[in-house]
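Colleague: What follows is a single structure, and I will ask about it in a moment.
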Amino acid sequence: MDRETLRKTLVDLIEQETWERPDRFDDAVKVREELKLDSVDLLSVMLRAEGSLGVTLDSRDFDKITTVGDLLSTIERKMAANSSAKAA
């Protein structure tokens with residue numbers, strides 16, 4: 001899955017969680033301040049991402065996410081690790 005497809009998927013997941021579609025979702029957008037996701041909302045979005053994308057995110061990942069770019073990169077890294085593990 002390329003980054004833009006992943007971005008669209010995450011926008012959909014955030015909309016499902018918050019009932020609002022973000023106006024901006026570029027890499028520099030701050031998740032908590034600009035998207036107004038508190039810790040519980042972000043955790044719920046990450047759990048939805050786990051279920052729909054087949055990745056496992058843990059608390060260390062959660063603590064590092066401050067921007068949309070951080071979220072996308074974290075999920076991309078996990079998806080790549082899953083692909084490598086399946087290929088081995």
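The values are calculated or read from the model by the stated rules, or taken from the named source; none is laboratory data. Keep in mind the model is a prediction, meaning the values are calculated, not measured. Glycine also receives a Cβ, built like all others from the backbone with ideal geometry; neighbour counts cover every protein chain displayed.
Colleague: Suppose we keep only residues that are over 18 Å from LYS8 (Cβ atoms) and not small (Gly, Ala, Ser) within region 35-44. Which one would you say is surrounded by the most Cβ atoms within 10 Å (Cβ to Cβ)?
Modeller: Checked region 35-44; the qualifying residue surrounded by the most Cβ atoms within 10 Å (Cβ to Cβ) is LEU42.
Colleague: Tell me, which residue of region 18-57 that is under 12 Å from the mean Cα position of the chain (by Cα) and of a type in the set (Asp, Glu) is modelled with the highest pLDDT?
Modeller: Filtering first and then ranking leaves ASP27.
Colleague: Cβ-Cβ distance below 7 Å, separation of 6 or more or different chains: which pairs start in region 29-47 with a residue that is among the β-branched types (Val, Ile, Thr) and end on one that is part of a helix (DSSP H, G or I)?
Modeller: Matching pairs, first to second residue: VAL29/VAL68; VAL31/LEU42; VAL31/VAL68; VAL31/LEU71; VAL45/LEU13; VAL45/ILE14; VAL45/GLU17.
Colleague: Within region 49-65, can you find the residues that are over 16 Å from THR5 (Cα atoms) and of a type outside the set (A, V, I, L, M, F, W, C)?
Modeller: Those that are over 16 Å from THR5 (Cα atoms) and of a type outside the set (A, V, I, L, M, F, W, C): GLY51, THR56, ASP58, SER59, ARG60, ASP61, ASP63, LYS64.
Colleague: Could you tell me whether ARG32 is of a type in the set (Lys, Arg), outside any helix (DSSP H, G or I) and surrounded by 13 or more Cβ atoms within 10 Å (Cβ to Cβ)?
Modeller: Yes: the conditions hold for ARG32.
Colleague: What do you reckon, is ASP58 in contact with a Gly (Cβ under 6 Å, 6 or more places away or on another chain), under 23 Å from ALA81 (Cα atoms) and acidic (Asp, Glu)? Write out each step before concluding.
Modeller: On the way: in contact with a Gly (Cβ under 6 Å, 6 or more places away or on another chain): no; under 23 Å from ALA81 (Cα atoms): yes; acidic (Asp, Glu): yes.
Answer is no for this residue.
Colleague: Here is a check on your reading of the model: is SER83 farther than 21 Å from PHE25 by Cα and assigned to a helix (DSSP H, G or I)?
Modeller: Criteria met by SER83.
Colleague: While we're on this one: For ASP27, are the conditions met, namely being surrounded by fewer than 17 Cβ atoms within 10 Å (Cβ to Cβ), closer than 18 Å to MET1 by Cα and in contact with a strand residue (DSSP E or B) (Cβ under 8 Å, 6 or more places away or on another chain)?
Modeller: For ASP27, the condition - surrounded by fewer than 17 Cβ atoms within 10 Å (Cβ to Cβ), closer than 18 Å to MET1 by Cα and in contact with a strand residue (DSSP E or B) (Cβ under 8 Å, 6 or more places away or on another chain) - is met.
Colleague: Taking the conditions exactly as written (under 11 Å from the mean Cα position of the chain (by Cα) and at pLDDT 90 or above), does ASP70 satisfy them or not?
Modeller: Judged against the criteria, ASP70 is a match.
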